[in-house]
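Encoded as structure tokens, the structure appears first; notes follow it.
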Amino acid sequence: MTVDMSQFYEVFFDEAEELLAEAERLLLAIDVANPDNEDLNAIFRAAHSIKGGAATFGFMDMTEITHVLENLLDRIRKHEMALTVEHVDAFLAAKDVIEMELDGHRHGADVDQDQVAAVKTRLASLTQAEAVADSAPAVTPAVPVETSQVSAHVVAPAAALPPPAEGLTQFNILLPELKEKDIANLQEELGLLGEVAASKHESGRTLFTLNTDSSESDIVSICSFILNPDDLVITQAGVNTVPPVDAVAIAAENTVGKTDEAADTDAGSKVKVHEEAGYGLFAEDGKEAVEEGYGFFAPFTPHADAQQSLKIDDNTAPISQEEIAKAVASPVETVAAASKAPAIAEKSEKRNPAKPDAGHANAETTSIRVGVEKVDQLINLVGELVITQAMIEQRINALDPIHHEALINSVGQLTRNTRDLQEAVMSIRMMPMDFVFSRFPRMVRDLAGKLGKKVELVTVGAATELDKGLIERIVDPLTHLVRNSVDHGVETPEKRKAANKPETGKLTLSAAHKGGSIVIEVTDDGAGLNRDKLLAKAKSNGLNVSENMSDSDVYQLIFAPGFSTAEVVTDVSGRGVGMDVVKRNIAAMNGSIDIRSAMGYGTTIAISLPLTLAILDGMSVSLGSSVYVIPLNLIVETLQPRAEDMKTVTGEGRMVHVRGEYLPVIALHALFGQETEILDPTQGVLVLIEAEGKKAALFVDALVGQQQVVIKSLETNFRKIQGVSGATIMGDGSVALILDVPALIQMGQTHNYLTGATSFASKAVQTISKEYTQ
Amino acid sequence: MNMVAEEVEGKAGQGGSVAGEFLTFVLGSEAYGLEILKVQEIRGYDAVTQIANTPAFIKGVINLRGKIVPIVDLRVKFNMGKVEYNEFTVVIILNLGGRVVGIVVDGVSDVMQLEESQIRAVPDIVASIDTQYITGLASVGEKMFILVDIEKLMNSQEMQLMDSVAMH
């Protein structure tokens, strides 16, 4: 299945940008001596969300750095270490780097990999420094560390090993505190990948230097046999093909530095080569590297100056790329190069801003980000306009069509235009769930691969339309839920086989309208939730639980902040953040979340969202002086019963006989205590409704008509009313209530309404309704 | 919540300072005042859509420029005044921390600036309005205005305007 992920990039970019801005705001406002837990959690969640999103889209560079950031934040959040000014500085630096990477993916702007690595190291060293050795509380200088310093001091011990041979990469691997035996084992294992040298890092831990042609992930996978990969700090000391910048500069000066023009361009080429080097991906010459890129953004166009410089090289002297490459290949001290890098980085930063500008302009004109309130206001205004237009039309009908022909034609035109306008405005907000669902196949595939599981993803109801505001906000929670299901829900193929289940797990995402809400479900056929484990964990976390809590209460525990029963924290999940974010986000949308689970059979997490602003096809019916709207999809048919079709049980419990079926009659006027003149179903209309597998006949006065209505929440300014799922504004500006059909059927059952005056509730209602009618 | 009370306490020492501006309205033969900042607009009484199974003082909901706004008749709630609906019936639309609610009163009289020195404490009395919602009594000339903490009143359980779970 191929999905064009790029259509969703924009959403992620926007989200990430907002999260970063928010994190920065919180960081800047934080009180270092006495940080607010809520703020720390918020920053942590921001990092976590960005990481999740980045992983979904395969922006691994962003995932990596946010992961390191998250580790450190997690420690601070759990009060395992105290927040210091350094931390805040490092976090801000990390934020800048993530933003830079984001821009890189978004507009193809240049990403300064040295800066990225430096920040990563800085974060990692902060994490390690305090966690490992109490005796050495400040390995890193107390003053905010300059990026150059960090890269220099981490790189320095690398001298234990000679610079890597051609085609090899030198990695510095900083281990956490380990037993001697483990270190020896690890050294042996890593020896399989290439040349290894061990040295002591100033923090007292062991630092391996490894020359290898393997990638970082290979190292991680080897190390993970012995230690937790999260505690590992791997930095790339240098690729031997990295052109030591000064060497390039010298070469360039020697060869082409004759004319003024050439001297000018030499800065350009220097910068360019440096940038490419940062990716650490390219093989022989610059061009290939450019093409490789990350594969995510438009091909990198070499700096105009640089291209020019190559041309000039060709003209002025027959030395160009090969010459430079030679200069590069000659053994140089990578350390020197690395330590000089930041200086160059500054230069490149200065040069960069001009370039992405064009990309910026383009990206911004294709879509505009507008506040939801503005769109809502627009929708409301158009609604008003439609009503006014209907009024004009009514007036026009009273006029003499011959005398006012022109006017009538103009109003006809206005009617059409208004309708088009309304449709256009409405469509701004509605989007199919597919927009969300189609993000997941890739993510599930990647996750399953990473975890060694087999998972098949099935989506149901992708065409269900949902308000854009909700769509955007449902993405994050759903991502968390899907990750959780794949990570914790679905078992490994071996376990599944042992449990007599097919090796491939099934993950179902579904969306459907149900009783005035949209229900989105994430279902897996995995192991299910373990009640005892949840209770035990809750107890150890100091939560107030008891053995005789109901299952659903126990399941709700997983939404408590910091609650995770996963033994190992992976970069997929298990940290215990996800679920409380999910709950928070859903609650913010006025939705609810429900868990059904059976040990060994799987788990379903159902998110139920209100239909605010969703559009509904409805049938309006009249009852006395009021109009109610019934969702059309829940109506089976409408009929006017004959007297002989009406049956009773014990003189009460009225039923209607429809084609061999006996259906209970629910008199809406009795249920709602509304006065009406039509008390005999044979004089009114029975609307056969069906919901959740149950059928009933709703007795109303008459049908008014079928129309699309915009659902408005009653709860915004009021509260939930039983039997009513929302309200809508009719063509004449009046408010009509939308009936909650499943609730009505239930109410009809519990109260057993008949003629409208017998049951207890309707009596109470009647006294009220007397007061109602002034 | 208790903004007026806070202001009263906060400025009590200064004497003669301004306690705030109040919109005064009439219920039966009594004059009431509520903080002007809570008022969004004042409008006539339109047809409301009745809501099933709600107390009588909740008249129903109206469409206020696209918003569904509940309307409460304080006259019914406190058994005051003649409950009739005509072109002189006034609805005060309140904006209480984002929630919009309309209240029906007998009439709106004035906007007054009250000073601390004019506000008296509420004695212990028995009335259909709980004294906890009255922040003070203002005397202006011969008249007495009952200052109501309208936000607290509207958010209270007895008004049944909010979901019981959402109540604090």
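Summary of computed values
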{"read-out": "Residue among B:ASN155, B:ASN79, B:ASN53 with the largest mean-square fluctuation in a Gaussian network model of chain B, springs linking Cα atoms under 10 Å", "value": "B:ASN53"}
{"read-out": "Residue pairs, from the table A:LYS78/A:LYS720; A:LYS695/A:LYS720; A:LYS78/A:LYS454, whose Cα atoms sit over 30 Å apart", "value": "A:LYS78/A:LYS720; A:LYS78/A:LYS454"}
{"read-out": "Solvent-accessible area of A:GLU652 with every protein chain in place, 1.4 Å probe, in Å² to the nearest 10", "value": "90 Å²"}
{"read-out": "Pair A:HIS79, B:ASP46: separation of 7 Å Cα→Cβ label points (nm)", "value": "5.5 nm"}
{"read-out": "Whether chain B is rounded, prolate or oblate, judged on the alpha carbon gyration tensor where a/c under 1.5 counts as rounded", "value": "prolate"}
{"read-out": "Set B:LYS38/B:LYS67; A:LYS450/A:LYS537; A:LYS468/A:LYS712; A:LYS95/A:LYS468 screened for pairs whose C-alpha atoms are more than 20 Å apart", "value": "A:LYS450/A:LYS537; A:LYS95/A:LYS468"}
{"read-out": "Local electrostatic count, B:ASN155, Cβ distance below 15 Å [Lys/Arg +1, Asp/Glu -1]", "value": "-2"}
{"read-out": "Rg/Rg_ref, the range B:91-168, where Rg_ref = 2.2 N^0.38 Å and atoms are Cα", "value": "1.23"}
{"read-out": "Overall dimensions of the range A:372-432 by Cα: Rg and Dmax, Å", "value": "14.4, 48"}
{"read-out": "Heavy-atom accessible area ranking, 1.4 Å probe, most first, across B:ASP149, A:ASP446", "value": "A:ASP446, B:ASP149"}
{"read-out": "Segments A:698-707, A:369-378 sorted - mean Cβ within 10 Å per residue, highest first", "value": "A:698-707, A:369-378"}
{"read-out": "Dipole magnitude (debye, nearest 20) for the range A:372-432, charges at Cβ of Lys, Arg, Asp, Glu", "value": "100 debye"}
{"read-out": "Cβ-Cβ FRET estimate between A:SER199 and A:ALA606, R0 fixed at 45 Å, reported to 0.05", "value": "0.25"}
{"read-out": "Rounded to the nearest 10 Å², the accessible area of A:LEU19 at probe 1.4 Å", "value": "40 Å²"}
{"read-out": "Counted charge near A:LYS495, where neighbours are those whose Cβ lies closer than 12 Å (Asp, Glu -1; Lys, Arg +1)", "value": "+2"}
{"read-out": "Label point distance in nm, B:ALA56-A:GLU373, each placed 7 Å from Cα along Cα→Cβ", "value": "4.0 nm"}
{"read-out": "Sites A:ALA463 and B:LYS143 - FRET efficiency at Förster radius 45 Å, r taken between beta-carbons, to 0.05", "value": "0.10"}
{"read-out": "Potential lengthening between A:ARG445 and A:ALA33 on full extension [0.36 nm per residue; Cα-Cα distance subtracted]", "value": "143.9 nm"}
{"read-out": "Distance (nanometres) between label positions extended 7 Å along Cα→Cβ at B:GLN118 and A:LEU399", "value": "5.3 nm"}
{"read-out": "Förster-model FRET efficiency, 60 Å R0, A:GLU384 and A:SER552, C-beta, rounded to 0.05", "value": "0.85"}
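The values are calculated or read from the model by the stated rules, or taken from the named source; none is laboratory data. In this text, all values refer to a predicted model and were calculated from it rather than measured experimentally. Positions of Cβ are backbone-derived with ideal geometry, glycine not excepted, and every protein chain shown enters the neighbour counts. Surface accessibility is based on the protein's heavy atoms, side chains included, excluding ligands, DNA and RNA. Shrake-Rupley method; radii C 1.70, N 1.55, O 1.52, S 1.80 Å.
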